[in-house]
1. Hey, among G390, G429, which residue is at pLDDT 95 or above and on the phi > 0 side of the Ramachandran plot?
2. What number of residues within the range 389-408 are over 19 Å from the mean Cα position of the chain (by Cα) and either small (G, A, S) or surrounded by fewer than 20 Cβ atoms within 10 Å (Cβ to Cβ) (or both)?
3. Would you please list the contacts, defined by Cβ atoms under 9 Å and residues six or more apart or on different chains, that run from a residue in the range 404-430 that is of a type in the set (K, R) to a residue that is part of a helix (DSSP H, G or I) and crowded, with 23+ Cβ neighbours inside 10 Å?
4. For the list (1) on the phi < 0 side of the Ramachandran plot; (2) free of Cβ contacts under 8 Å to residues at least 60 places away in the same chain, I need the number of the one condition that C369 fails.
5. Can you pull out every residue in the range 312-340 that is within 20 Å of G406 (Cβ to Cβ), among the small types (G, A, S) and more than 29 Å from the chain's Cα centre (by Cα)?
6. I want to confirm something. Restricting to the range 322-378 and keeping residues that are among the polar types (S, T, N, Q) and either at pLDDT 95 or above or assigned to a helix (DSSP H, G or I) (or both), which single residue is nearest to N444 (Cα to Cα)?
7. Of everything in the range 374-428, what is under 19 Å from P96 (Cβ atoms) and touching a Cys at 6+ places or on another chain (Cβ under 7 Å)? Give them in sequence order.
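The values are calculated or read from the model by the stated rules, or taken from the named source; none is laboratory data. Because the structure is predicted, anything quoted here is derived from the model rather than measured. Counting neighbours? That spans all protein chains shown, and the Cβs are built from the backbone with ideal geometry, glycine included.
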Amino acid sequence: MARISILVALLAICACASAQFAFLDSAVSRIVSATQEVFKALGESRVSMPHHDEMAAWMHAGIESMGGVLYQKLEHPSFPDYRLRIAMEDEEPATPFCDPGVKQIKGYLDIRDDAHLWFILFESRSDPSNDPLVLWLNGGPGCSSSTGMLFELGPCWVSNQGESTTYNVHSWNTKANLLFLDQPLQVGYSYSDSGETVDNSKDSAKDVYAFLQLFFARFPKYADLPFTIAAESYGGHYAPHIGAEIHRQNKALEPEMTDRIKINLDSLMIGNGLTDPAVQFPSVVEYSCSPSNKYHLFEPESDTCQKLEASSAMCSKLMEVCDKLDSRLACVPASLFCWGSLYGPAQQTGVNLYDVRRQCDREKDGELCYPEMKHIETLLNKPTVKSQLGVPDSIQFESCNMQVNGQFLLQGDSIQNSAKLLEPLLADGVRVLAYAGEADFMCNAIGIQEWILQFPNVYHEAINNATKTPLFARGPTGAKPRQAGYVIKAGEGAGNLAFAWIQRAGHMVPHDQPGVSLAMLNRWLAKEDLTQ
């Protein structure tokens, strides 16, 4: 407590003199230097001072030392249950995590006093002042967005079994500011003191909205940038709910509500997402049994395919009851039946359900069929890495929390239709791109294309009348481009509503086709034709 009191006292001197800053530049510098010396004498090296024109606001919020990390705190009058905590750096910080060439911001959103969501921002490698802002979310539910950060599209990939990282030349922060958030509670580096979590997509979206408001209040330079929510897998539920919450709150803003920011929501990107289960679950039969799918697992006339047909019909009936009653008593049994009966036969074959081109040895590869998930845990549980990422040393990182997964399941959240949330967004100019790797079984490309074509929206007729346009991957200079899939879209340029079928990729397209995914991202954000 002594070191905190010393710093607060020094900051109070500066805040009281705020009207005379023009005359006090040198004095402030001396106070900053003196404070650094005080902390050094007390054995506390993790501190930096804000510029003096930020001191009054910073003084109001205060600072906090937790788990060996010093944080700057920000409170918001419109969100009394939330507080932003920014990890503070040394005056001469150690080597930044992953990408030393870009600015990084990391910390926590505190919810009340006992719940904490972790985040990290990597600025663009190109033009951070003007490049769009992208929020990336992995799915599960219950899986950390660090999977995206360290295995798919982040500035580096985990390597050497979690002992090091490798620079990713295809990182999505090549031309975008890239923000990762571990949500809901109890996922990744996020935690609650009581062990409680959020158990549905609607409530988790409210926490994300509050986070964005506090983040933009503290870092207003990002608030005016075009904002995209990019999410994968169960992110097919997360992204529409977050987008809908932002859209609802934006429309509710009144001129006198000057303390809130109208979030500049430009688009949603959903990668191999679960969005409309009523359409996607029946597609499991076609993906499993149709010879037209080069990755089909069973012969059409087999007993397995006959059972899948019957299970699909029963699943659809149960989902109709769930939709009609909107009750856990109806939705949870429907969810358990659909997941078990439709996905069980494929899992029993030993195939990797996230990439049917591969086999899965769960004893060797882990429950998620990728040993890299354990490597990420090894890396992110290192004390030195936690220090770099602004995480208290006491927090244990886990790639996926199956308890969170189970709680969402027991709310019937997974079989809700999230596609309907996109209708008002599209009507008001928010763009939507769904893309899918063709080798993914869990959220297969057939079902994703089908829900895009089926759900009611202002572009329904246009996208159903659109033709498939080949998507090409650009190789080295002089090399002949190869086809990487196809695109269906409605609207000019990249489209207002679009679907991209990605060849030679599974559930995690940015990992399997990093160059293709980066080109797709950059074109989408720039509103350029995805096929060029």
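1. Checking each option against the conditions leaves just G429.
2. Result for the range 389-408: 7.
3. K420/P240
4. (1)
5. A330
6. The qualifying residue nearest to N444 (Cα to Cα) is N352.
7. Across the range 374-428, there are no qualifying residues.
Okay, residues lined up against (1) polar (S, T, N, Q); (2) in contact with a Lys or Arg (Cβ under 9 Å, 6 or more places away or on another chain); (3) surrounded by fewer than 21 Cβ atoms within 10 Å (Cβ to Cβ):
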position: N417; (1), (2), (3): yes, no, yes
position: R431; (1), (2), (3): no, yes, no
position: G437; (1), (2), (3): no, yes, no
position: A445; (1), (2), (3): no, no, no
